[in-house]
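Participant: Have a look at the structure that comes next, please.
Taken together, the values in this text are just the output of simple stated rules run on the coordinates, not laboratory data. On a predicted model such as this, the values are computed, not experimentally measured, just so you know.
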Amino acid sequence: MAKLTGIFCLLTLILVGCKSDPPASPAQPQETTIIKVEPTTTTEVPAQPVAQTEVLPPTPPPPEPTYQEKVHKVYEALTLAEDIIGRAVISSTVTYDQKIKFQKILESLQNADLAIPPEGENFQNCYFGVMAFTVRYDSRIGICRISLETEKEHIAQNIIHEAAHLSGTWDECEATKLETAIMIAGNGKVDHNNDYVAGCSL
């Protein structure tokens, strides 16, 4: 069969030219896309230091006042009491009768002495709750040991109460009324209510 084809092709070539199938084109190489992958760079973040709360040591309590310092505070309270009564005497809010009584109390206080117990001791009249006391026909004002532990303003008001007794007002309710009126007129307010306020319905 191949021979016949060749003869036919030869005859055809002579007549019109023999055309043979073109040789197959060699396969073209396919284009290859190369993707370049860059290596990932990891940036290491340095660890932040953890803030630490500084624990401060507790504040030590203030030192306990000495006995001499407590006694000095009582005499400061005496000066304060005189100042308060003096301001009450000249106050425009009090009556003439009150001015006379306040002036008498101030003079009694200026002529009085303070009696303060020795360290570690107390007066016999300083039974439970008594802050200060006076005794008839005695110009002294006794300061009880418990008063040394209170504030200056507290002691001053108690001194004013006892000065009212020394001026001749021995009734506790009347002395408390004078004490309160002096504190309001000369100090603007009372520092505390004594134990007679409730019983005297003040």
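Participant: What per residue convex hull volume, in Å³, comes out for region 52-101 when only alpha-carbon positions are used?
Facilitator: Cα convex hull per residue, to the nearest whole number: 134 Å³.
Participant: Where Rh denotes the Kirkwood radius from the mean inverse Cα pair distance, what is Rg over Rh for region 89-132?
Facilitator: Numbers: Rg = 16.0 Å, Rh = 13.3 Å.
Checking Rg against Rh, the ratio lands at 1.20.
Participant: Moving on to the next point. Sticking to Cα atoms, compute the Rg of region 40-172 to one decimal and its Dmax as the biggest Cα-Cα distance, whole number, in Å.
Facilitator: Cα only, region 40-172: 26.6, 105 Å (Rg, Dmax).
Participant: Continuing with the same structure: Treating each Cα of region 107-202 as an identical point scatterer and ignoring solvent, apply the Debye formula and state log10 I(q)/I(0) at q = 0.13, 0.18, 0.19, 0.23 Å⁻¹.
Facilitator: -0.42, -0.83, -0.92, -1.34
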